[in-house]
Amino acid sequence: MRTLLIDEFDICRDGMKMLLLETFSEPEVSEARSIEEGLDILSEQQFDLIMIDLDSVNLSYTDLLKPLVPAAGAAPIITLAHKFTPEITAFAMRTGVAACMIKVTPKQMGSLILKMVMAGGRYFPPETLGGDEQQTKICPVNFDKESCPLHQETPLMAPEITRRQLEVLKCIAKGKTNKMIAREMGISAGTVKVHVASILKLFNANNRTQAVNIAIHMKLI
């Protein structure tokens, strides 16, 4: 997974990198010390994820996000800051940002948010949205309150899953397509499709995103 980190401060980029290393296997990380440097890198390379610190010394969040969002292409963007106001969150949502992560977020929660984003979900701090009901509508995609792991206080009972199904599920969590999974596992795309269908049935999930997030909450991946 190729990730671009944009942050003025070395120590903050190191923190992001550590979270990525503890969440995903062998992430490929590029770093930029400014939005200008980040845009230059994006003009030449494609990424699977972009993380940017909004606590800039000289630039506002709009100055950072307005040029970044179109340059990011299909790559989801995670923004980080010491504090998110309702105005910042609303702007991030409107511009298509995938998540807003407060810097004091516990490591386990941070990993969960990263995995949700890579599975197609979105996350925004509930205190900036006006309550849990609004959060449920956007975090993650197509989740209801009963199945969203961010709203669960007790673990769900994990279904019996085969080793092969678990391998496929982990690949799905990394945002890989059926063809990519087939190449990595040395099986046909048709076989992957069968595994995916079985996984959705096992987790009683409506889509891949929901299956991944339920599995994360069950601590299967």
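Residues of the range 72-99 being over 18 Å from the mean Cα position of the chain (by Cα) and among the charged types (D, E, K, R), which ones?
83, 87
Residue 113 fails exactly one of the following numbered conditions: (1) under 20 Å from residue 212 (Cα atoms); (2) modelled with pLDDT under 85. What is the number of that condition?
(2)
If we scan the range 58-69, do we find a residue that is surrounded by 14 or more Cβ atoms within 10 Å (Cβ to Cβ), at pLDDT 90 or above and of a type in the set (Gly, Ala, Ser)?
no
Restricting the search to the range 7-25, which residues are within 16 Å of the chain's Cα centre (by Cα) and not in a helix (DSSP H, G or I)? Before you say what the answer is, go through the steps one by one.
In the first step, residues of the range 7-25 are kept if they are within 16 Å of the chain's Cα centre (by Cα); the result is 16-25.
24, 25, listed by residue number.
With respect to the numbered conditions (1) crowded, with 22+ Cβ neighbours inside 10 Å; (2) out of contact with any Asp or Glu (no Cβ under 7 Å at 6 or more places or on another chain), which one is the sole condition not fulfilled by residue 80?
All conditions are met except number (2).
So residue 104 passes all but one of these: (1) closer than 28 Å to residue 206 by Cβ; (2) in a loop (DSSP other than H, G, I, E, B); (3) modelled with pLDDT under 90. Which condition number does it fail?
Evaluating residue 104 over (1) closer than 28 Å to residue 206 by Cβ; (2) in a loop (DSSP other than H, G, I, E, B); (3) modelled with pLDDT under 90 leaves (1) as the failure.
I need the full set of residues from the range 1-18 which are surrounded by 19 or more Cβ atoms within 10 Å (Cβ to Cβ) and among the hydrophobic types (A, V, I, L, M, F, W, C), in order please.
Within the range 1-18, the first condition is being surrounded by 19 or more Cβ atoms within 10 Å (Cβ to Cβ), and the residues that meet it are 3-7, 13, 16.
4, 5, 6, 16, listed by residue number.
Against the condition under 20 Å from the mean Cα position of the chain (by Cα) and at pLDDT 90 or above, how does residue 180 come out, does it pass? If you could, list the steps in order and put the result at the bottom.
Details: under 20 Å from the mean Cα position of the chain (by Cα): yes; at pLDDT 90 or above: yes.
Spelling it out, residue 180 is indeed under 20 Å from the mean Cα position of the chain (by Cα) and at pLDDT 90 or above.
Looking at the range 165-210, which of its residues are touching a helix residue (DSSP H, G or I) at 6+ places or on another chain (Cβ under 7 Å), among the hydroxyl-bearing types (Ser, Thr, Tyr) and not in a helix (DSSP H, G or I)?
Answer for the range 165-210, where residues must be touching a helix residue (DSSP H, G or I) at 6+ places or on another chain (Cβ under 7 Å), among the hydroxyl-bearing types (Ser, Thr, Tyr) and not in a helix (DSSP H, G or I): just 188.
The values are calculated or read from the model by the stated rules, or taken from the named source; none is laboratory data. Quick caveat, the model's predicted, so the values are computed rather than measured. Don't worry about glycine lacking a Cβ; one is built from the backbone with ideal geometry, like all the others, and counts go over all protein chains shown.
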